[in-house]
Amino acid sequence: MPAFSRFLRYFLVVGRCGSIRKAADELNVSASAIDRQILNAEAELGMPLFERLPTGLRLTAAGEILMAAGGKWQKSLQEVRTQVDDLRGLKRGHVEIAIIHALTKGTIPAIITAIHQRYPGISVGLRVLDSEAIRLVVAEGEVDFGICFEPQSIRDLTVRAYAEVHLGFVSLPDHPLARRGSARFSAAADLPMILPAPPLAVHHQVAVLEAATQMPLNKVSTSDNIQMITSMVQAGLGVGVLTSLDVATEVASGQLAFTRITDPILKPLILALCTASSRAPSYAADLVLSEIQQGFAALGYQAAAD
């Protein structure tokens, strides 16, 4: 098993680098040792894994098959090691989480910091994706769990917690809208507007309001990036439309104001904490999941309070 593990490690790095010399530098082993491992494997398989070219090495069809399988084997081996650690009661491991951009500030970073302080042996990888991409990587097991808006299909997902998040106007604190806790969408008539664009989840809600009110909007700008929208509002370009979750940090610090939109046709967005239905979380992932579940209520309260 150790010899096989060594070959697999060497092979994957060579396949990625396309060069034994580059792989040797990265692995800090001799090029001859790597070459010997690969030649032995090719002899055992009875076919080459690489084409030897003047510019380097290129995977053969057999090499591509082994490269794909090798990645899966490494992941499986890591899962086995994590499960063994679970049996020993060790609070360590690596957890992969996918989140939407709106969660890159405030509550989630604070929870991850608290987790690191409580469980220093657990590392956390965070992937920032749109909601549809999060649903896919959770269902396919590429991450341990994810937080996304409106899971359209929950056939492959288990929702562990959810929070209702509301849409509203985002303005400077001295704007007339800022003095109102809530308002209809018609309050934006004739105001310069900065609107969300696809794939942001709030884009669909704005489209519903536009269709329902038939109100012409003074669109001075659109963007598919939350930070860009908030920056343009802060620069005084106009009034934005986002969720309270998107601007919670700026509202708490007094940089921006949030006015909830209360049109009856508008439904709150559902923020869901999801895991794959077909896969139980590892011990480390379950610890992190529990911590985030406990903090999930704060996201719902924060949205409802605005």
So, in region 200-231, exactly how many residues are surrounded by fewer than 18 Cβ atoms within 10 Å (Cβ to Cβ) and over 24 Å from the mean Cα position of the chain (by Cα)?
13
Whichever residue in region 148-165 is assigned to a loop (DSSP other than H, G, I, E, B) and of a type outside the set (Gly, Ala, Ser) and, among such residues, is modelled with the highest pLDDT:
156
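This table checks each residue for (1) within 23 Å of residue 283 (Cα to Cα); (2) touching a Phe, Trp or Tyr at 6+ places or on another chain (Cβ under 8 Å); (3) modelled with pLDDT of 90 or more.
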site: 35; (1), (2), (3): no, no, no
site: 87; (1), (2), (3): yes, no, no
site: 91; (1), (2), (3): yes, yes, no
site: 120; (1), (2), (3): yes, no, no
site: 131; (1), (2), (3): no, yes, no
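Could you pull out the residue among 41, 69 that is exposed (fewer than 13 other Cβ atoms within 10 Å of the Cβ), at pLDDT below 90 and either under 15 Å from residue 8 (Cβ atoms) or not assigned by TED's automatic domain parsing to the domain that holds residue 7 (or both)? Steps first, answer last, please.
Values: 41 fails: exposed (fewer than 13 other Cβ atoms within 10 Å of the Cβ).
After ruling out the rest, the residue left standing is 69.
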Show the residue pairs that are 6+ apart or on different chains and have beta-carbon atoms under 6 Å apart, the first residue being within region 275-288 and closer than 15 Å to residue 93 by Cα and surrounded by 20 or more Cβ atoms within 10 Å (Cβ to Cβ), the second being at pLDDT 90 or above and among the charged types (D, E, K, R).
285/144
Mind checking whether some residue in region 107-117 is more than 30 Å from residue 191 (Cβ to Cβ), surrounded by fewer than 17 Cβ atoms within 10 Å (Cβ to Cβ) and under 13 Å from the mean Cα position of the chain (by Cα)?
yes
Among the residues that make up region 252-266, is at least one of them buried (at least 18 other Cβ atoms within 10 Å of the Cβ) and at pLDDT below 90?
yes
Residues in region 16-23: is at least one touching a residue at least 40 places away in the same chain (Cβ under 8 Å), under 17 Å from residue 70 (Cα atoms) and in the same structural domain as residue 74 (by TED's automatic domain parsing)?
yes
Could you tell me how many of the residues in region 253-271 are touching a helix residue (DSSP H, G or I) at 6+ places or on another chain (Cβ under 9 Å) and of a type in the set (Gly, Ala, Ser)?
1
Looking at 149, 185, 169, which is the one that is crowded, with 21+ Cβ neighbours inside 10 Å and under 19 Å from the mean Cα position of the chain (by Cα)?
149
Can you list the strands (runs of 3 or more DSSP E) found entirely within region 190-306 that contain at least 3 residues being under 23 Å from residue 159 (Cα atoms)?
269-276
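The values are calculated or read from the model by the stated rules, or taken from the named source; none is laboratory data. Fair warning: this is a prediction, and the values are worked out from it, not measured in the lab. All Cβ positions, even for glycine, are placed from backbone atoms using ideal geometry, and neighbour counts span all protein chains on display.
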